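Below is one structure, written out as structure tokens; comments come after it.
What follows draws every value from the coordinates through simple rules; no lab data is involved. These numbers come from a predicted model, not from an experiment. A quick note on method: Cβ atoms are made from the backbone with ideal geometry, for glycine too, and the neighbour counts reach across all protein chains shown.
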Amino acid sequence: MNVRTNALADRLERGARALATFASILTTEEWETPIPHDGRKVGVVVHHVASIYPLEIQVAQTIAGGEPVEGVTWDDVHKINADHAKENAAVTKEAALDLLRRNSAAAAAAIRTLKDEQLDRAAPVSLYSDAPLTCQFVLEDHAVRHSYHHLARIQSTLQEKSL
């Protein structure tokens, strides 16, 4: 087993578990709470994290294969997120948590298949002004970090709401 990929996958799994554990105890009111400056409801964001893992892994695998990531802009990301929020406005906790478990496990498994040379490979990424980024950076900045980032925002939102 590759030490680096296993460590990355473990961090992704820990983040997904932390998000799932926290989300699983939310009340219906908390699940429906909009996140300030974002507008999406807590439940929609949990589902978003789960649903985006395959795309984040696909981007990393593109770089791992030595290919550039072209034509993706932050406007595209914002549109994907907005469309997801509309399509999943009524997502249930059970559905979101099930998808989170399945997609995080699949993402971790995909990460574990990578070799060190692939993690170290860099290619231009349009989302970052065509800067050449390594596969490992893209994994850490997206799939691995994603659940931690949103969990912190959800916790902050609910803490502020309770004050």
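Per-residue Karplus couplings for region 118-128, computed as 6.51 cos²θ - 1.76 cosθ + 1.60 with θ equal to phi - 60°, are listed in order as 6, 4, 7, 5, 10, 8, x, 10, 4, 4, 10 Hz, Gly and Pro entered as x. For a paramagnetic label modelled at 7 Å from the Cα of Thr28 toward its Cβ, which residues of region 70-93 fall within the zone defined by backbone nitrogen distances under 17 Å? The answer is 89-93. Each residue of region 73-89 was assigned a 3J(HN,Hα) from its phi angle through the Karplus curve 6.51 cos²θ - 1.76 cosθ + 1.60 (θ = phi - 60°); the sequence is 10, 5, 4, 4, 4, 4, 5, 4, 5, 5, 4, 4, 4, 5, 5, 10, 4 Hz, with glycine and proline shown as x.
The number of Lys pairs in the chain with C-alpha atoms less than 26 Å apart, excluding pairs fewer than 8 positions apart on the same chain, is 7. Extension gain for Asp116-Asp130 works out to 2.8 nm (0.36 nm per residue, less the C-alpha to C-alpha distance). What FRET efficiency comes out for the pair Arg145/Lys79, r = Cβ-Cβ distance, R0 = 30 Å, nearest 0.05? Calculated transfer efficiency: 0.90. Under 5 Å between amide hydrogens, built in the peptide plane, is the criterion, and for Leu133 it picks out Ala123, Val125 among residues at least 5 positions away or on other chains.
Coupling constants for region 98-114 follow from the phi torsions by the Karplus curve (6.51 cos²θ - 1.76 cosθ + 1.60, θ = phi - 60°), and in residue order they are 5, 5, 4, 5, 5, 6, 5, 5, 5, 5, 4, 4, 5, 4, 5, 7, 6 Hz; glycine and proline get x.
Report the full-extension gain for the segment Gln155 to Asp10: residue separation times 0.36 nm, less the Cα-Cα distance, to one decimal in nm.
Values: separation 145, 0.36 × 145 = 52.20 nm, distance 2.21 nm.
So the chain would gain 50.0 nm between Gln155 and Asp10.
Between Arg101 and Asp38, the modelled labels are 2.3 nm apart [label points 7 Å from Cα along Cα→Cβ].
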